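The structure is given below, and queries will be raised subsequently.
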Amino acid sequence: MCMGPPSGWSRARGLVVKTLVLIGGALLVKRLTKSTTRWDHARIVSQSIAGEKFSKEQASRDPDNFFNLRWLSCPAADMVDGSKVLYFEQAFWRTPHKPFRQRFCMVKPCPKEMKCDVELSTYAIRDAEEYKNFCDRPRDQRPQPEEVIGDVAEHLTTIYLKRCERGKRCLYEGSTPPDGFPNSWNGAAYCTSELAVLKNNEVHMWDRGYDDDGNQVWGVKNGPYEFKAAPGPASASTSASASVDMLSPLNFPPLSIGKRIEGSFVLQE
């Protein structure tokens with residue numbers, strides 16, 4: 001007569017199987033819920049602000065207050081501490097080869113003692129002319145990373161970003177400190193910037209300059225510029241590109257260009 005295994009063995013085997021299932025489930029949950037590291041946040045922001053973006057939709061909705069601007073940036077160098085340096089330029093969409101704003105952006109995690117996730121700083125470029133259309137050029141025709149690091153000039157602004165709360169449209173949002181950073185363009189004493197990183201690599205940026213009395217002397221008054229990623233192959237070809245800084249007003253078109261530019265960039269009445 002055939003006999004099965006002792007009942008005690010069956011129970012033991014069942015316990016072993018249940019234990020293995022529980023351990024496997026715990027490991028899976030741990031893997032899925034693994035917290036995002038400080039450098040993960042910095043990487044996400046770097047990738048989100050990179051690429052070719054336009055404010056076309058916003059300019060169509062409100063042509064009196066916003067232009068269709070091209071935002072283009074790409075990775076330029078890595079610092080020894082892991083910070084990412086991106087080149088950024090901004091131009092009118094009809095004249096992309098003539099940027100009116102050029103910057104280096106440095107992205108890194110916030111210091112542990114600060115209540116933020118990502119620190120985004122902008123710097124002047126030692127020889128901005130040499131970097132025009134940097135992202136549009138073949139890699140072997142660009143200044144190389146060691147040159148880039150040597151051409152990082154004075155610090156201009158820093159935005160402190162935090163991950164957005166669940167349910168909000170944004171992924172990260174933040175601003176400069178309330179008292180901003182020194183700025184002398186168009187009679188300003190200081191400038192402030194606000195930045196929001198949204199899904200699909202959309203970026204909202206709002207820069208404003210104020211005089212010593214707190215009066216706004218440049219920048220749009222009724223909301224941020226909204227930059228959306230360029231569709232199709234154009235954005236794919238520059239997916240390694242794009243950065244931030246609408247942070248500082250240097251290299252803006254001169255006031256003599258016309259009243260409409262004056263209204264949009266300098267002061268909204």
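The values are calculated or read from the model by the stated rules, or taken from the named source; none is laboratory data. Keep in mind the model is a prediction, meaning the values are calculated, not measured. FYI the Cβ positions are ideal-geometry reconstructions off the backbone, even for glycines, and counts take in every protein chain you see. Surface areas here come from the heavy atoms of the whole protein model, side chains and all, with no ligands, DNA or RNA. Shrake-Rupley method; radii C 1.70, N 1.55, O 1.52, S 1.80 Å.
Exactly one condition in (1) assigned to a loop (DSSP other than H, G, I, E, B); (2) loosely packed, with under 15 Cβ neighbours inside 10 Å is false for residue 116; which is it?
Going through (1) assigned to a loop (DSSP other than H, G, I, E, B); (2) loosely packed, with under 15 Cβ neighbours inside 10 Å one by one, residue 116 breaks only (2).
With the structure loaded, tell me whether residue 92 is more than 30 Å from residue 37 (Cβ to Cβ) and either in contact with a helix residue (DSSP H, G or I) (Cβ under 9 Å, 6 or more places away or on another chain) or of a type in the set (Phe, Trp, Tyr) (or both) or whether it fails that test. Explain how you work it out, then say what you get.
On the way: more than 30 Å from residue 37 (Cβ to Cβ): yes; either in contact with a helix residue (DSSP H, G or I) (Cβ under 9 Å, 6 or more places away or on another chain) or of a type in the set (Phe, Trp, Tyr) (or both): yes.
Criteria met by residue 92.
Suppose the filter is surrounded by fewer than 17 Cβ atoms within 10 Å (Cβ to Cβ) and at negative phi; does residue 95 pass it? Talk me through it step by step, then tell me what you get.
Working: surrounded by fewer than 17 Cβ atoms within 10 Å (Cβ to Cβ): yes; at negative phi: yes.
Here the answer is yes, as residue 95 does meet what is asked.
Turning to a different aspect of this structure: I'm checking my understanding of the structure. Among residues of segment 132-148 that are part of a helix (DSSP H, G or I) and among the charged types (D, E, K, R), which one is farthest from residue 92 (Cα to Cα)?
So the first thing to find is which residues in segment 132-148 are part of a helix (DSSP H, G or I), and the list is 134-136, 139-141, 145-148.
Now restrict to residues that are among the charged types (D, E, K, R): 136, 139-140, 146-147.
On the way: 136: 15, 139: 24, 140: 26, 146: 30, 147: 28 Å.
Among them, the one singled out is 146.
Out of (1) under 19 Å from residue 193 (Cα atoms); (2) assigned to a strand (DSSP E or B); (3) open to solvent by less than 20 Å² (accessible area, probe 1.4 Å); (4) hydrophobic (A, V, I, L, M, F, W, C), the odd one out for residue 77 is which?
(1)
Something else now. Can you say whether residue 131 is open to solvent by less than 30 Å² (accessible area, probe 1.4 Å) and among the aromatic types (Phe, Trp, Tyr), as far as the supplied structure shows? Please lay out each step first, then the result.
On the way: open to solvent by less than 30 Å² (accessible area, probe 1.4 Å): yes; among the aromatic types (Phe, Trp, Tyr): yes.
So residue 131 fits the description; yes.
So, of the residues in segment 50-65 that are touching a strand residue (DSSP E or B) at 6+ places or on another chain (Cβ under 9 Å), on the phi < 0 side of the Ramachandran plot and of a type outside the set (S, T, N, Q), which turns out to be most open to solvent (accessible area, probe 1.4 Å)? Spell out the reasoning first.
Restricting attention to segment 50-65, the residues satisfying the condition of being touching a strand residue (DSSP E or B) at 6+ places or on another chain (Cβ under 9 Å) are 50-59.
Pick out the ones that are also on the phi < 0 side of the Ramachandran plot and you get 50, 52-59.
Filter once more, keeping what is of a type outside the set (S, T, N, Q): 50, 52-54, 56-57, 59.
On the way: 50: 11, 52: 23, 53: 1, 54: 55, 56: 130, 57: 101, 59: 15 Å².
So the residue we want is 56.
Quick one: what pairs do we get from segment 92-113, first residue part of a loop (DSSP other than H, G, I, E, B), second open to solvent by less than 10 Å² (accessible area, probe 1.4 Å) and among the small types (Gly, Ala, Ser), C-beta under 8 Å, 6+ apart or different chains?
Sorted first by the residue in segment 92-113, then by its partner, the pairs are 97/91; 98/91; 99/91; 100/91.
For the structure I just gave you, tell me whether residue 89 is crowded, with 18+ Cβ neighbours inside 10 Å and closer than 22 Å to residue 41 by Cα. Before you say what the answer is, go through the steps one by one.
On the way: crowded, with 18+ Cβ neighbours inside 10 Å: yes; closer than 22 Å to residue 41 by Cα: no.
When the stated conditions are applied, residue 89 does not pass them.
Do we find a residue being out of contact with any helix residue (DSSP H, G or I) (no Cβ under 6 Å at 6 or more places or on another chain), among the basic types (Lys, Arg) and farther than 22 Å from residue 171 by Cβ anywhere in segment 113-127?
No, segment 113-127 has no match at all.
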